[in-house]
Amino acid sequence: MAPPTIMIAAAPTIGGDVVNVYINHEKKFAFVDMRSVEEASNAMALDGITFEVRRPSDYNPSLAAALGPSQPNPNLNLG
């Protein structure tokens, strides 16, 4: 059975909600620093929900490039 689709509205302020991420692959845990207490609380409400992250089936990289970077930030610490 496929995980449910979850849509999250963008925050009304400018800037990313996630300030920093540390992933420990060996021990299978991560720390995520959020921009505000409210955004951290909203993220914590997702606890226990299994979901999948992917691009839409009609994603067009050429069109997306006009909107901004479509690749992960090179400073993102994925371990």
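So the values come out like this:
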read-out: Test: residue in the range 8-21 that is more than 16 Å from the chain's Cα centre (by Cα) and modelled with pLDDT of 85 or more; value: no
read-out: Some residue of the range 47-59 being of a type outside the set (Gly, Ala, Ser), surrounded by 10 or more Cβ atoms within 10 Å (Cβ to Cβ) and at pLDDT 85 or above; value: yes
read-out: Criterion violated by ALA43 - all others in (1) among the hydrophobic types (A, V, I, L, M, F, W, C); (2) surrounded by 10 or more Cβ atoms within 10 Å (Cβ to Cβ); (3) modelled with pLDDT under 80 satisfied; value: (3)
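The values are calculated or read from the model by the stated rules, or taken from the named source; none is laboratory data. This structure is a prediction, so every number in the text was calculated from the model and none was measured. Here the Cβ is made from the backbone with ideal geometry for all residues, glycine too, and neighbour counts use every protein chain on show.
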